[in-house]
Amino acid sequence: MDVVIREYRPEDLEAVHAINQAEVPAVGEETADALAHIASQCCVALTVEVADGTGAVPAIAGFTFVLPPRADYSSLNYTWFGERYDEFIYLDRVAIAPAFQRRGIGRMVYDEVQRRGAEAWPTANVLALEVNLKPRNDTSLAFHASLGFVEVGRREGDDDKVVSMQIKPLP
């Protein structure tokens, strides 16, 4: 399995939207237009391609969108971090298609996000994100803890959701 992490391109939107919707509620449900707008605000937007070694066109296996401070984005979770941190990058979403999960791709994506995020927004001192507590996402909580993320607060939403607000210092 050959994994390539590359810059997101607008022609990736259909596949990215399908992956996003397949991973709800681990990521927020969005229309394709909303995802296109989020991508337009990113300091880092990446697509993951996986080739199977047969010479076939690589499959889009996942994506991630990372926003800088003061982006045109109305997410309450993003706003929460913006009220508390001047310089941060916000991992809005990372989603890997079910057929490609549990293969180490997520860890590769996070390594790339940290590297490219520090280059794209050098004044950022933390990578910020949230993980669902209600509905509880134990797999994501354990994964983020293994990467060094720590909880800095919790936020309850109007939609009966509770999220753990987490950060990891950037080098």
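Quick notes on this one:
- Within region 100-112, being assigned to a helix (DSSP H, G or I) and in contact (Cβ under 8 Å) with a residue 24 or more places away in the chain holds for F100, I105, G106, R107, M108, V109, Y110, E112.
- Flag if G153 is of a type outside the set (K, R), surrounded by fewer than 19 Cβ atoms within 10 Å (Cβ to Cβ) and either in contact (Cβ under 8 Å) with a residue 60 or more places away in the chain or not in a strand (DSSP E or B) (or both): yes
- Selection of strands (runs of 3 or more DSSP E) fully inside region 1-99 by the criterion of at least 1 residues being within 18 Å of N132 (Cβ to Cβ) returns 59-67, 88-96.
- Some residue of region 133-142 being aliphatic (A, V, I, L, M) and not in a helix (DSSP H, G or I): yes
- Within region 122-132, being among the small types (G, A, S) and either on the phi > 0 side of the Ramachandran plot or part of a loop (DSSP other than H, G, I, E, B) (or both) holds for one residue alone: A124.
- Among the residues listed as V113, V126, the single one being more than 12 Å from the chain's Cα centre (by Cα), crowded, with 17+ Cβ neighbours inside 10 Å and of a type in the set (A, V, I, L, M, F, W, C): V126
No value in this document is a laboratory result; all are computed from the given coordinates. These figures come from a predicted structure and were not determined experimentally. When we count neighbours, we look across all protein chains shown, and the Cβ atoms used for this are built from the backbone with ideal geometry, even at glycine.
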